[in-house]
Amino acid sequence: MLNVNYQVRINNFQDSTKEYIDEKLSKLNKLIKDYQSLSVKIDQESNIKNSITIYKIEINLVMPNVFIKVASKGENLNQIIDSLIEPLTKKIKRYNSQKERWSAHKEWKQEQLIEQDIIASASKIKHTTTEQEYTPEIKRKFYENDRPMHPSEAIERMELLGHDSFLFKNIENMKYGMIYRRSDGGYGLIQPQS
């Protein structure tokens, strides 16, 4: 039986919903034998115009050396959970297929990466000013693990998190770089020149 930590921030959370979530997650028991923690975070967003309650569910799974995350929104908690089980299963299987690399720290192969020179020219960027100053809202994230990694490992971590980009310290040159998912389905690497 999986030990699930619930973080619920809704008013009408019922035991039957918790049992439903536990039942769905228990089907993954064979795939995640060595997990460190599993949490389900449930939040509620209200739309005043339509008086519709939107729920957001986020499942976070901490495996050895990796953090796996899936999230979705909707009006029905059970339907959201149903929609999350398949991507979570795929990410766990992806992790397990590379388990030897994660645990034994074997070398990562570079297959899909093509170096690209992306140089932003300051002369091409035009700034416009308005009477009111614009102050963007910046969401900051901090991380503790700053060990260098191969770009292929960065791709795996990005995919397991479900993100479109991932900042990392490249083991090949000890400089920070960013892996991102391209619209054509491949991957890109942005890094300082030389």
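For the stretch 1-21: of the residues being free of Cβ contacts under 8 Å to residues at least 12 places away in the same chain and outside any helix (DSSP H, G or I), which is nearest to ASP43 (Cα to Cα)? That would be ASN12.
Within the stretch 167-194, the residues that satisfy the criterion of being out of contact with any Gly (no Cβ under 8 Å at 6 or more places or on another chain), surrounded by 12 or more Cβ atoms within 10 Å (Cβ to Cβ) and either of a type in the set (A, V, I, L, M) or assigned to a loop (DSSP other than H, G, I, E, B) (or both) are ILE171, GLU172, ASN173, LYS175, MET178.
Applying the criterion of being under 15 Å from VAL70 (Cβ atoms) and of a type in the set (Val, Ile, Thr) to the residues of the stretch 3-52, the residue that is nearest to the chain's Cα centre (by Cα) is VAL40. Looking across the stretch 3-39, the residues that are among the charged types (D, E, K, R) and at pLDDT 85 or above come down to ARG9, ASP15, LYS18, GLU19, ASP22, GLU23, LYS24, LYS27, LYS30. Take the stretch 159-194 and flag every residue that is farther than 27 Å from LEU88 by Cβ, in contact with a strand residue (DSSP E or B) (Cβ under 8 Å, 6 or more places away or on another chain) and hydroxyl-bearing (Ser, Thr, Tyr). Correct list: TYR176 only. Consider the stretch 9-21. How many of its residues are surrounded by 15 or more Cβ atoms within 10 Å (Cβ to Cβ), under 22 Å from VAL62 (Cα atoms) and not hydroxyl-bearing (Ser, Thr, Tyr)? Number satisfying all stated conditions: 2. Within the stretch 26-78, the set of residues being out of contact with any strand residue (DSSP E or B) (no Cβ under 6 Å at 6 or more places or on another chain), closer than 20 Å to LEU2 by Cα, of a type outside the set (Ser, Thr, Tyr) and not in a strand (DSSP E or B) comprises LYS27, LEU28, ASN29, LYS30, LEU31, ILE32, LYS33, ASP34, PRO64, ASN65, ASN78. Filtered by the rule that a residue be aliphatic (A, V, I, L, M) and part of a loop (DSSP other than H, G, I, E, B), the stretch 135-166 gives a lone residue, ILE138.
Against the test of being modelled with pLDDT under 90 and surrounded by 10 or more Cβ atoms within 10 Å (Cβ to Cβ), the options GLN110, GLN132, GLN79 yield a single qualifying residue, GLN110.
The values are calculated or read from the model by the stated rules, or taken from the named source; none is laboratory data. Keep in mind it's a predicted model, so treat the numbers as computed, not measured. FYI the Cβ positions are ideal-geometry reconstructions off the backbone, even for glycines, and counts take in every protein chain you see.
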